[in-house]
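Comments concern the structure below.
All of the numbers you see were taken from the coordinates with simple rules; none came from a lab. Not measured: the values here are computed from a predicted model. Cβ placement follows ideal geometry from the backbone for every residue including glycine, while neighbour counts extend to all protein chains displayed.
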Amino acid sequence: MSGGNEQHPPADDTAAGLDDQQTGSGLQAERVRRSAQVDEIRASGAEPYPYRFDRTDSLAEVRARHADLEAGSETDDRVSVAGRIMLARDSGKLIFLTIRDRSDEIQLFVSKAVIGDEGFDAVKSLDLGDWVGVSGEVMTTRKGELSVRVSQCQLLSKAIRPLPDKWHGLTDVDTRFRQRYADLIVNDEARRHFEIRHAMISSFRRTLAHEGFIEVETPVLHVEAGGAHARPFVTHHNTLDMQLYLRIALELHLKRLIVGGMERVFEIGRIFRNEGISTRHNPEFTMMELYQAFADWTDVMNITELLITNAARDAIGTTTLTIRGTEIDLADPWPRVRMIDAASEAVGTDVHPSMPRDVLADIAAKNGVKVAPQWLPGKIIEEIFEAHCEAGIVRPTFVTGHPVDISPLARVHRDDPHLTERFELFVDGRELANGYSELNDPVEQRARFEDEQAAKEAGDAERGTVDEDYLRALEYGMPPTGGLGIGMDRVAMLIAGVDSIREVVLFPTLRPEVITHES
């Protein structure tokens, strides 16, 4: 704030309302006071919630146009701008307000001599959080603060509820996520996270378009819950009187399009999995899946590096990230390590899915890994890897060669019939991507589906079933294909440098909240 450049909370009863807002009585008193203002405005014949406002510029555009304006300068650039009042200071015949729109902040220089007594009194009655639209000339104060000298001011929306304390923010993390609207108002870092997320997703689309991929949309409601190992959400279609599932993956419908000859397709869409909530998991999340005809797993590993490296460059202007205190350049080649090799090194003895199940179960138990009776050898190896290797991966690393029994849609490895041409990308101990050379033999795919169905009937609720329509599609012939799925929320976490998925999901799933009129 200037006129001097001071930035202070207001010195009137608005400040008291902000300070007391965490107490019921303080909040209610402030809401009553502001509601009374709404009644007074309407009684005077004005409207506290007008239909529209014609603005000429965003605040960023004003700043860009006058970036080099010297201190104490006047201009004849008349603008109409709008924003939320974030700061206010009354110094007698001058009022200084800071407003913010989506793009930036700017100071309003309000002089009684310019706006008149009635207009000045109206500005004086405004509260932090109110939305205003103003017209006036661009200027700078003696201390160089770019400002708009206000000649007209219109209330665009009266804030009945006071803002969270700008200097302390929403201190309760759960409240931040429940009231994301309030978090975004006062939390610069939260707004940055979602700007990064937007830039990242836009970057993905540009890269894929450049590589010749077509963006498509596939159904959210599925007859069969397939394409991944996960417990689905179940719903019911009343007219058709049938059970449906919210999709747990995009995969099987996208591969139907490869059968149809579309060759390169991708989708960025919401996925739903009925599982736990944690810093890494939200029951609904965003996936990008792509499928490329005539390609294999090496091609989609390459495009994975390209997509994420481009996204970092486009979102934050650099490919260098700090992960666990170490600077890592995403533009450097990403190492590749077989899952069986990493697991073998971790437990000090060779493990391979061709080994007897009892031997693998004994190795797992000796290394603190509990084994469920229905697990096959490959699943045991995966659990050993998850328990002893995952958390130690810091830089982007492709973990390759997953066992067949945990990869029902991947092709058998051309050099080892017990493994598949599959990879997962891990960064900072988190899985970000999963891809493989796609299984396109309908006979082998049916056998894999039947194994999945048997495991499901044996009690594994995350296993899949036999998708007869997908098998019918494969019988028409699917060319050699590489497929990839990337967790967009986790990539956003990586690039934004945050540790919780809730920081990059606007409205994460939370336990129900009881809201009353007094809350």
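Quick notes on this structure:
- With the helix formula -39500 (n - 2.57) applied to DSSP H stretches of n ≥ 4, the chain reaches a computed 222 nm mean residue ellipticity of -10500 deg cm²/dmol.
- Spin-label model distance (nm) - Arg472 vs Lys93, 7 Å beyond Cα toward Cβ: 8.4
- Of all DSSP-defined beta bridges confined to the chain, some 90% are antiparallel rather than parallel.
- Label-zone membership for the range 32-68, site Thr75, 7 angstrom Cα→C-beta point, backbone N under 16 Å: 56-68
- Theoretical FRET efficiency, 1/(1+(r/R0)^6), r = Cβ-Cβ of Thr326 and Val220, R0 41 Å, to 0.05: 0.55
- Residue-span extension gain [Arg142 to Glu345] - 0.36 nm each, minus C-alpha spacing: 66.3 nm
- Computed 3J(HN,Hα) for the range 381-395, one whole-Hz value per residue from the Karplus formula 6.51 cos²θ - 1.76 cosθ + 1.60 where θ = phi - 60°, is 4, 4, 5, 4, 4, 4, 6, 10, 10, 3, 5, x, 7, 9, 6, glycine and proline marked x.
- Centre-to-centre separation between the Cα atoms of the range 27-102 and those of the range 362-393: 60 Å.
- FRET efficiency, 1/(1 + (r/R0)^6) with R0 51 Å, evaluated for Asp68 and Asp241 via beta carbons: 0.15
- Charge-dipole axis of the chain as Lys and Arg at +1 and Asp and Glu at -1 on Cβ define it, positive-most pick from Val234, His66, Gly392: His66
- Note on Thr465 and Gln179: the model spin-label points, each 7 Å out from Cα along the C-beta direction, lie 4.5 nm apart.
- In nm, spacing of pseudo-spin labels at Arg270 and Arg336 (7 Å Cα→C-beta vector): 3.7
- Degrees separating the helix 357-366 axis from the principal Cα axis of the chain, which is the longest one: 50
- The fraction of Cα-Cα pairs per 10 angstrom bin, counted from 0 for the range 13-167, comes to 11, 39, 35, 13, 2 percent, rounded to whole percents.
- Note on the range 197-333: Cα-only Rg and Dmax are 17.3, 56 Å.
- The long axis of helix 24-43 is offset from the longest Cα principal axis of the chain by roughly 60 degrees.
- Extended-chain gain in nm, criterion 0.36 nm per residue less alpha-carbon gap, Val38 and Val514: 168.6 nm
- If the chain linking Ser151 and Asp165 were pulled fully straight, counting 0.36 nm for each residue of separation and taking away their Cα-Cα distance, it would gain 2.1 nm.
- Once the Cα atoms are used to define both axes, helix 297-316 deviates from the longest principal axis of the chain by about 10 degrees.
- Long-range lysine pairs (8 or more apart or interchain), the chain, Cα under 28 Å: 21
- R0 of 51 Å, Cβ-Cβ distance Glu61-Arg357: FRET efficiency to nearest 0.05: 0.15
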